[in-house]
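Participant: Quick one: structure below, then a few questions.
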Amino acid sequence: MTPLELADDALVAAQRLSEWVSRAPTLEEDVALANIALDQLGVARLYLQSLGDEDALAYGRSDAEFRNCQLVELPLGPSRGDLDFGWTIVWLLFLSAAQKIRYTQLAAAGDEIAAKAVKESSYHLDHALEWTVRLGDGTEESHLRAQAALDELWPYSHELTEGIREEWLSVVEPVLAKATLAVPSTTWAPSGGRNGQHTEHLSYLLAEMQSLHRAHPGVMW
Amino acid sequence: MTTEPLWEVFVRPRRGLSHTHVGSLHAPDARMALRHARDLYTRRQEGISIWVVPAGAITASSPDEKDAFFDPAADKIYRHPTFYELPEGVQHL
């Protein structure tokens, strides 16, 4: 993966996850999700700074210029604006497992940003897998929601894990088994995010993220 | 809206010091409580070790018993090591 792909995955994930701020089921979880969003933003900034002007890259590109995988831009629920905690946890499980594997590989190859990020992604993964087991193997309702999210998000995991699929499965599948969740059998594997082909959801996300900068370029507070 | 159990959180700031009570939180179980404690109470390098204890497991002295528990110590000044003359040259006391 290129630094821009790593940065865009983290940046878009940070923006998505921050939708939970003030809306999480408990105060404790609110802080936890905000923490993870901030970690993602921190990594995105470091990679963007390594590539040039971070504000121009974050706020000045259109959706077709973003190189994130499609998973991170998806709404964190069955539809946009309909936040679902189980959905979010499955999404975070997918993302953090992939990020931990990639950052570990990059850190071993001397990438200093990845070396910092690998500890953070270990914690994100830990948080996601603890919750995955509790929701999947929790109540009837929590199991249904987690399984529904898993079924919907699974196709997007292929693009996320390109080149590390086997290793990713070796992390995720045991967690799903422990959570009594069934691995979906679908083979549909949408992709294109790395080439700038995105779902409709990215442009809405960017509109919210970029509107202030576009209205007041360079604004500070 | 939470119905999750309450946990008391103790953090050890660094090696050689004791765990100190820092606050409480709600969590479904001990493992999640530990993770929430990490997020809520050690964000700014406040500690190197965390304990979480179910709040219900703590037996506390009652304010009603305050006089019986604590007042008698007040007039027993011989419990304080203030009647010794320090020899010359003794330090760190």
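FYI, it's all coordinate maths here, none of it is from the lab. Since this is a predicted model, take the numbers as computed values, not measurements. Neighbour counts run over all protein chains shown; Cβ positions are idealised from the backbone, glycine included.
Participant: Which whole number gives the average, over all residues in B:26-33, of C-beta atoms from other chains lying within 10 Å of the residue C-beta?
Facilitator: Taking all residues of B:26-33 together, the mean is 3.
Participant: Putting +1 on Lys and Arg Cβ atoms and -1 on Asp and Glu Cβ atoms, find which of A:SER142, A:LEU169, A:TYR156 reaches farthest to the positive end of the dipole of the stretch A:127-179.
Facilitator: Of the options given, the answer is A:SER142.
Participant: Separate question: Where Rh denotes the Kirkwood radius from the mean inverse Cα pair distance, what is Rg over Rh for the stretch A:6-81?
Facilitator: In the stretch A:6-81, Rg relative to Rh is 1.00.
Participant: Sticking with this one: What base-10 log of the normalised intensity I(q)/I(0) is obtained for chain A from the Debye formula, alpha carbons as equal point scatterers, at q = 0.09, 0.18 Å⁻¹?
Facilitator: Summing over Cα pairs of chain A leads to -0.33, -1.42.
Participant: By counting other Cβ atoms within 10 Å of each Cβ, how are B:ILE48, A:ILE36, A:ILE164 ranked from fewest to most?
Facilitator: B:ILE48, A:ILE164, A:ILE36
Participant: Which value at 222 nm does chain A reach when only helices count, each DSSP H run of 4 or more adding -39,500 (n - 2.57), with the total divided by all residues and rounded to the nearest 500 deg cm²/dmol?
Facilitator: -21500 deg cm²/dmol
Participant: Considering only B:PRO81, A:SER22, A:ALA107, whose Cα is most displaced toward the positive end of the charge dipole of the protein assembly as shown, charges sitting on Cβ of Lys, Arg (+1) and Asp, Glu (-1)?
Facilitator: In the protein assembly as shown, that residue is B:PRO81.
Participant: Checking understanding here: applying a Kyte-Doolittle mean of at least -0.5 and a length along the axis of at least 18 Å (C-alpha), which whole DSSP H helices in chain A pass?
Facilitator: A:3-17, A:27-51, A:85-108, A:112-136, A:165-178, A:200-215
Participant: Give me the base-10 log of I(q)/I(0) for the stretch A:131-221 at each q in 0.12, 0.14, 0.15, 0.16 Å⁻¹, Debye formula, one uniform scatterer per Cα, rounded to two decimals.
Facilitator: With no solvent term, the Cα-only Debye profile gives -0.57, -0.70, -0.75, -0.80.
Participant: Neighbour counts of other C-beta atoms within 10 Å: give me B:TYR84, A:TYR156 arranged from fewest to most.
Facilitator: By the 10 Å Cβ count, ascending, the order reads B:TYR84, A:TYR156.
Participant: What is the magnitude of the charge dipole of the stretch A:15-106 about its Cα centre, with +1 placed on the Cβ of each Lys and Arg, -1 on the Cβ of each Asp and Glu, and no other charges, expressed in debye to the nearest 20?
Facilitator: Here the stretch A:15-106 has a charge dipole of around 300 debye.
Participant: Roughly how many debye, to the nearest 20, is the charge dipole of the stretch A:53-135 about its Cα centre, given +1 on each Lys and Arg Cβ, -1 on each Asp and Glu Cβ, and no other charges?
Facilitator: Using Cβ point charges on Lys, Arg, Asp and Glu, the stretch A:53-135 gives about 340 debye.
Participant: Can you give me the orientation-averaged projected area of the convex hull built on the Cα atoms of chain B, in nm²?
Facilitator: Mean orientational projected area (chain B, Cα hull): 10.3 nm².
Participant: Per residue of A:23-33, how many C-beta atoms from partner chains lie within 10 Å of its own C-beta, taken as a mean?
Facilitator: Partner Cβ neighbours, averaged per residue: 5.
Participant: Counting partner chain Cβ atoms within 10 Å of every residue's Cβ in A:187-199, what's the average?
Facilitator: 0
Participant: Rounded to two decimals, what is the ratio between the C-alpha radius of gyration of the stretch A:81-151 and 2.2 N^0.38 Å?
Facilitator: 1.28
Participant: Give the order of B:ASP75, B:ASP39 when sorted by the count of other beta carbons within 10 angstrom, beginning with the fewest.
Facilitator: Neighbour counts put them in this order, fewest first: B:ASP75, B:ASP39.
Participant: Using amide H atoms built 1.01 Å from N in the peptide plane, name the residues 5+ places from B:THR20, or on other chains, whose amide H lies under 5 Å from its own.
Facilitator: Residues meeting the criterion, in which the H sits 1.01 Å from N, are B:VAL11, B:ARG12.
Participant: How big is the gap, in Å, between the Cα center of the stretch A:189-221 and the Cα center of the stretch A:13-61?
Facilitator: Value for the Cα centre distance between the two parts: 13 Å.
Participant: Zone of A:LEU83 (label point 7 Å along Cα→Cβ, backbone N under 17 Å): which residues in the stretch A:103-134?
Facilitator: Those under the cut-off are A:128.
Participant: Assign unit charges at the C-beta atoms only (+1 for Lys and Arg, -1 for Asp and Glu), then state the dipole size of chain A relative to its Cα centre in Debye, rounded to the nearest 20.
Facilitator: It comes to approximately 220 debye.
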